[in-house]
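Participant: To start, I am sharing the structure in question, which I have written as structure tokens.
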Amino acid sequence: MRLLLVEDTFDMAEAIMIRLERSGVACDLAKTLEEARDCVEVQRYDVIVLDINLPDGLGTELLKELRSRGDRTPVLMLTAEFSVDNRVSSLDSGADDYLVKPFDYRELEARIRALYRRELADKAEEFRIGNLTFNASARLVRRDDSPISLTRREFSLLEILIHNRGKTVSKERLFEGVFSFQDTDVSMNALELYIARLRKKLSGCSVRIETQRGLGYKLDADD
């Protein structure tokens, strides 16, 4: 999952990013509306977490801009306002959910996961492909009854490939789903390394990751 966090309070933003990255989320940070606009212009996100009060305006301005051009990316608004009117206004502007500060970070993570799952074409949380079981919510992968230990980036790669099963996913799309803008020292070669590791760990499973030369990778099931 690739997420954009728009939040100007450094301590809160840092804490959110640390927790999300530990969960396998590639998280980009924008501290102003202008930075957020720059991010959405060049990057597609699975979820946006958007603070209402920002140094150069209201987060609802960006939300309205996204919705006006048909961008339906799930947006979770963060607000310090307890007013029902303010919360209703955010939802009416196109927000999918909101959370009032201060909040429990576990709840934030749960709400983000819920928004992400809601957008998946297949609403099932658990996938079974032959002898492979994949459960995104439980972050569990099994071969038959044996768990497969994956790093957060390996898990994110497999998640993207499973949700695009039978389709070629470009290297760029996979890279974007695993690495954030903050990973400035990471090259495309790192993606190939993670693919190789994932293939090795999936050995004996009923799925295979095929290289589509010059295009990307595709996950298919063995006959």
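The values are calculated or read from the model by the stated rules, or taken from the named source; none is laboratory data. Small disclaimer: the values here were computed from a predicted structure and weren't measured. Glycine also receives a Cβ, built like all others from the backbone with ideal geometry; neighbour counts cover every protein chain displayed. To get the accessible areas, we keep the full protein, side chains included, count just its heavy atoms, and leave off ligands, DNA and RNA. Shrake-Rupley method; radii C 1.70, N 1.55, O 1.52, S 1.80 Å.
Participant: Sort Arg106, Arg143 by heavy-atom solvent-accessible area, probe 1.4 angstrom, most to least.
Facilitator: Greatest to least solvent exposure: Arg106, Arg143.
Participant: Quick one: grab the alpha carbon gyration tensor of segment 163-223, order the square roots of its eigenvalues as a ≥ b ≥ c, and give me rounded if a/c is under 1.5, else prolate or oblate depending on whether a/b is larger than b/c. Show your work: numbers first, answer last.
Facilitator: Details: a/c = 2.31, a/b = 1.69, b/c = 1.37.
Prolate shape, in that a/c is at least 1.5 and a/b is the bigger ratio.
Participant: Expressed in nm², what is the orientationally averaged projection area of the convex hull enclosing the Cα positions of segment 1-119?
Facilitator: 6.6 nm²
Participant: Something else now. Please work out how much accessible surface Arg139 shows to a 1.4 Å probe, ignoring ligands, DNA and RNA, in Å² rounded to 10.
Facilitator: Rounded to the nearest 10, the figure is 100 Å².
Participant: At a 1.4 Å probe radius, which order do Lys31, Lys101, Lys201, Lys64 fall into by accessible area, largest first?
Facilitator: From most accessible down to least: Lys64, Lys31, Lys201, Lys101.
Participant: Hey, another quick one. Let's test the formula: R0 of 41 Å, r as the Cβ-Cβ distance of Val88 and Thr151. What FRET efficiency results, to the nearest 0.05? Don't skip to the answer; put the middle values down first.
Facilitator: Numbers: r = 42 Å, r/R0 = 1.01.
Result of the calculation: an efficiency of 0.50.
Participant: Based only on Cα atoms, what mean projected area does the convex hull of the chain have, in nm²? Numbers along the way, then the final one.
Facilitator: Values: hull surface 51.5 nm².
Averaged projected area of the chain's Cα convex hull equals 12.9 nm².
Participant: Run the accessible area of the chain with a 1.4 Å probe and give the carbon-and-sulfur part as a rounded percent.
Facilitator: On the way: 5160 of 11150 Å².
The computed percentage sits at 46.
Participant: Helix 152-163 versus the longest principal axis of the chain: what is the Cα-based angle in degrees, 0 to 90, to the nearest 10?
Facilitator: With rounding to tens, the tilt is 80 degrees.
Participant: OK, next. From the square roots a ≥ b ≥ c of the eigenvalues of the alpha-carbon gyration tensor of segment 1-65, which class results: rounded (a/c under 1.5), prolate (a/b over b/c), or oblate?
Facilitator: Working: a/c = 2.21, a/b = 1.31, b/c = 1.68.
Note, shape of segment 1-65 comes out oblate.
Participant: Would you tell me the accessible area of Ile18, worked out with a 1.4 angstrom probe on the heavy atoms of the protein chains, in Å² to the nearest 10?
Facilitator: 70 Å²
Participant: Between 0 and 90 degrees, rounded to the nearest ten: what's the tilt of helix 188-201 against the longest Cα principal axis of the chain?
Facilitator: Relative to the chain, helix 188-201 is tipped by roughly 50 degrees.
Participant: So how tilted is helix 105-119 from the main axis of the chain? Cα-based, degrees 0 to 90, rounded to 10.
Facilitator: 70 degrees
Participant: State in Å² the accessible area per residue of the chain; use a 1.4 Å probe, count heavy atoms of protein chains only, and round to the nearest integer.
Facilitator: It amounts to 50 Å² per residue over the chain.
Participant: Assign one of three labels to segment 108-177, namely rounded, prolate or oblate, based on the Cα gyration tensor with a ≥ b ≥ c the square roots of its eigenvalues; rounded applies when a/c is under 1.5, prolate when it is not and a/b is larger than b/c, and oblate otherwise.
Facilitator: rounded
Participant: Would you mind estimating how fast segment 121-223 diffuses translationally, via Stokes-Einstein at 4 °C and 1.567 mPa s with the Kirkwood radius over Cα pairs, in µm²/s?
Facilitator: 93 µm²/s
Participant: Given only helices, namely DSSP H runs of n ≥ 4 each adding -39500 (n - 2.57), what is the per-residue ellipticity at 222 nm of the chain, to the nearest 500 deg cm²/dmol?
Facilitator: The helix-only estimate for the chain comes to -12500 deg cm²/dmol at 222 nm.
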